[in-house]
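Student: Before anything else, here's the structure in question.
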Amino acid sequence: MTTIYHNPRCSKSRQTLALLEENGIQADVRLYLKEAPSVEEITTLLKQLAITPIELMRTKETIYKELGLNSESSDEERIQAMHSHPSLIERPIVIHNDHAKLGRPPEQVLELFK
């Protein structure tokens, strides 16, 4: 099973979804801005991606600063912020067989299918 955390307004997300389709890969599309991932789902995603919470965050988003997040923020604070404000989550994310990749660049997600 393959899932993409997708934002239709993001060009990289659209490119990644198109790339999956071009390669015959059917993915469940999760509109994560409408259906925010739980704290547990974000924690699992971080493990699947093998990255830290700050690496999954869009730190240039206005809400990042408005929430008072900075280099001193704890991982728990960051994860909670991504749950409460999913626009802070970097996108797109493709999950396949309990592994995940960020679609930056989009071609990177094809490594999941080798």
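Derivation of every value follows stated rules applied to the coordinates shown; laboratory data play no part. Just so we're clear, the structure is a prediction, and the values are computed from it rather than from any experiment. Don't worry about glycine lacking a Cβ; one is built from the backbone with ideal geometry, like all the others, and counts go over all protein chains shown.
Student: Given region 2-114, what percent of its DSSP beta bridges are antiparallel, to the nearest 5? Show your work: numbers first, answer last.
Tutor: Working: 9 of 12 bridges.
Around 75 percent of the beta bridges assigned by DSSP in region 2-114 are antiparallel ones.
Student: Explain nothing, just compute: Karplus ³J(HN,Hα) = 6.51 cos²θ - 1.76 cosθ + 1.60, θ = phi - 60°, for every residue of region 53-66 in order, whole Hz, x for Gly and Pro.
Tutor: Result, rounded to whole Hz: x, 4, 6, 9, 9, 8, 6, 8, 5, 4, 4, 4, 6, 4.
Student: Give, in nm to one decimal, the length gained when the segment between HIS99 and CYS10 is fully stretched (0.36 nm per residue of separation minus the Cα-Cα distance).
Tutor: Values: separation 89, 0.36 × 89 = 32.04 nm, distance 2.23 nm.
Gain on extension, HIS99 to CYS10, equals 29.8 nm.
Student: Another question about this same structure. Quick one: Karplus J couplings for region 91-101, per residue in order, coefficients 6.51, -1.76, 1.60, θ = phi - 60°, nearest Hz, x for Gly and Pro?
Tutor: Each residue's phi maps through the Karplus curve to give 9, x, 10, 10, 10, 8, 6, 6, 10, 9, 9 Hz.
Student: Report, by chain and number, residues whose modeled amide H sits under 5 Å from the one on ILE93, excluding near sequence neighbours (fewer than 5 apart, same chain).
Tutor: TYR5, GLY103
Student: Report the Stokes-Einstein translational diffusion coefficient (µm² s⁻¹, integer) for region 37-89, Rh taken as the Kirkwood radius over Cα pairs, at 10 °C with viscosity 1.306 mPa s.
Tutor: Roughly 146 µm²/s, to the nearest whole number.
Student: I've got another one for you. Which one, (i) 15.1; (ii) 14.2; (iii) 14.7, gives Kirkwood radius over Cα pairs in Å as derived from the coordinates shown?
Tutor: (ii)
Student: At 7 Å along the Cα-to-beta-carbon direction for both LYS114 and GLU22, put a label point, then send me their distance in nm to one decimal.
Tutor: Taking the simple label geometry, LYS114 and GLU22 are separated by 1.8 nm.
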